[in-house]
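One structure is given below, encoded as structure tokens.
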Amino acid sequence: MVGSTDVTPIRASELADFVARARYEDLSEDAREALRVRVLDTLGFAIERARRFLEAGAYMIMVESEGITEEVESWRTEVPARFISELGLEKLMFEAAEPAVFQWYVKNHGPEVNLFVDHSQVVDLSVLRAGIWGPKSLWRRVVTYRP
């Protein structure tokens, strides 16, 4: 074809293998910057992908807890904060696998935050959101103004 190039799409695994073999020092400054933006800033990349899914018509984005509140030495609270800051609370749902996690979400992002919890924790979450139950740090501090 004239004026175009036939490029075979690269699978993510092939790209990861290439990046793993490449030496960072051998890359140009532009390539380093592109790598920092697209690969090293995985949170920004995830948020941008979520934004594209929403623009394409996705109803809601589910944010898993692995790497945020599960399987980490300390919770990465900046992750949900940045998602909420950039995409808004209404179109996000966060997994909250244990009571301490959903209590933290309600305390820091309000009772209207969308949470995915185990069926055995639905009542605990509901009464926490209603302000009629909770740990000392939340007792009588959760308020909703619903008609």
I'd like to check something: does the stretch 66-83 contain any residue that is among the hydrophobic types (A, V, I, L, M, F, W, C), part of a helix (DSSP H, G or I) and either modelled with pLDDT of 95 or more or loosely packed, with under 15 Cβ neighbours inside 10 Å (or both)? yes
Of the residues in the stretch 84-117, those that are closer than 16 Å to Ser65 by Cβ and surrounded by fewer than 13 Cβ atoms within 10 Å (Cβ to Cβ) number 2
Result of the Cβ filter at 6 Å on the stretch 78-91, keeping first residues that are of a type outside the set (Val, Ile, Thr) and partners that are outside any helix (DSSP H, G or I) and loosely packed, with under 15 Cβ neighbours inside 10 Å, at least 6 apart or interchain, is Lys91/Met60
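The values are calculated or read from the model by the stated rules, or taken from the named source; none is laboratory data. Since this is a predicted model, take the numbers as computed values, not measurements. Neighbour counts run over all protein chains shown; Cβ positions are idealised from the backbone, glycine included.
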